[in-house]
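Written out below as structure tokens is the structure these notes cover.
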Amino acid sequence: AVTAVAESWFDQLATFLTDFEHHLVMEEYKKTLIVKKCIFRIANNTGYFFYLALVVQDLEKLRWQLLVFLLVKQVLLQNVMEAGFPTVGTWWTASAGTARVVEEKPEKKQGSQWLRWRGSSEESSSQPDAAATLPRDLSEEVAMPPVNMFDDYLEVATQFAVTSAFAGVCPEVVVFAVLHLVAELSTDSYKMSQVHRRTVLSSGEIATWVSVVEAIAFGSTVVGFLILHTSCPQYPVHAVLVLEHVVLLVKCYLGWAIADTPEDVTARKIRLAMDSKSKRTNG
């Protein structure tokens, strides 16, 4: 409960600070807002874990707290709140609207069907003209609430921070994190296609989230070795630092060696650009 209340306060604080900066470009505004909310959200959700790991040094209690966080909050509550509540609300609204339409005009039977199940038995039997039903489909799409991908990305970033930083204390969190991501994939695809209005993210937002994940990966590596040194003081400090730097160097090398775009795709793009240029020159 305390985390939920503090999360709401931190979100309002992040929005206030970003508004106070008076950005002239919306893309820059979103970038700074993403960074601030990620910092506040991760600090709010992992602060108690850091306290147990570094101050109290009770790894057994930390292990159980991590399991409760992933199983109860991430797997159960988040999926129910994201998919269950909107589904029930949409079903209730669609049922009420359909009942009113049937009562007033039983011969036409317009209105929203349950969760916009396109291709249902009723639509396939009647097979209306696509041009005739397009305005109704567009009106139904616009009437739906917009999807909030911001919170979904924040949830994934927070889970990645917790899993990567404390996997050494509780390796089971990795398994539960994978299960949660599988469930999240199903609920998000259902939510985006059936419950909420479809949306498209800009490339600038995607690049910002990639940078956030990279920063979390570096920070989690440092935190993991810090917990290792705190829980196992028999290891000398210089040995832990050397091992930490080796891991960071390997990560940097892999990030540099593995290209973001495959080489065959890059070569194909170059050939297409050269062909297009030659056609314009010859034409």
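Among the residues of the range 156-173, those identified as open to solvent by 10 Å² or more (accessible area, probe 1.4 Å) and either more than 21 Å from Asp58 (Cβ to Cβ) or of a type in the set (Ser, Thr, Tyr) (or both) are Val156, Phe160, Thr163, Ser164.
Is there a residue being under 30 Å from Thr221 (Cβ atoms) and open to solvent by 100 Å² or more (accessible area, probe 1.4 Å) anywhere in the range 271-283?
Looking through the range 271-283, none of the residues is under 30 Å from Thr221 (Cβ atoms) and open to solvent by 100 Å² or more (accessible area, probe 1.4 Å).
Taken together, Glu21, Glu7, Glu27 contain a single residue that is over 27 Å from Ala165 (Cα atoms) and modelled with pLDDT under 85, which is Glu27.
With within 31 Å of the chain's Cα centre (by Cα) and at pLDDT 80 or above as the only criterion, which of Thr208, Thr199 stands out? Give the derivation first.
On the way: Thr199 fails: at pLDDT 80 or above.
Sole residue among the options that is within 31 Å of the chain's Cα centre (by Cα) and at pLDDT 80 or above: Thr208.
The single condition among (1) in a helix (DSSP H, G or I); (2) among the hydroxyl-bearing types (Ser, Thr, Tyr); (3) modelled with pLDDT under 80 that Thr261 does not meet is (1).
Conditions (1) open to solvent by less than 60 Å² (accessible area, probe 1.4 Å); (2) in contact with a Ser or Thr (Cβ under 6 Å, 6 or more places away or on another chain); (3) in contact (Cβ under 8 Å) with a residue 40 or more places away in the chain; (4) not aromatic (Phe, Trp, Tyr), marked per residue:
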site	(1), (2), (3), (4)
Ala207	yes, no, no, yes
Val210	no, no, no, yes
Leu226	no, no, yes, yes
Cys232	yes, no, no, yes
Tyr235	no, no, no, no
His238	no, no, no, yes
Val242	no, no, no, yes
Tyr253	no, no, no, no
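The rows are residues; the columns are (1) under 21 Å from Val156 (Cβ atoms); (2) without any contact (Cβ under 8 Å) to a residue 40 or more places away in the chain; (3) of a type outside the set (Val, Ile, Thr); (4) open to solvent by less than 50 Å² (accessible area, probe 1.4 Å).
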| position | (1), (2), (3), (4) |
| --- | --- |
| Leu24 | no, yes, yes, no |
| Ala43 | yes, yes, yes, no |
| Val55 | no, yes, no, no |
| Lys73 | yes, yes, yes, no |
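The values are calculated or read from the model by the stated rules, or taken from the named source; none is laboratory data. From a predicted model like this one, the values you see are computed outputs, not experimental measurements. Counting neighbours? That spans all protein chains shown, and the Cβs are built from the backbone with ideal geometry, glycine included. Note: areas computed on protein heavy atoms with side chains; ligands, DNA, RNA excluded. Shrake-Rupley method; radii C 1.70, N 1.55, O 1.52, S 1.80 Å.
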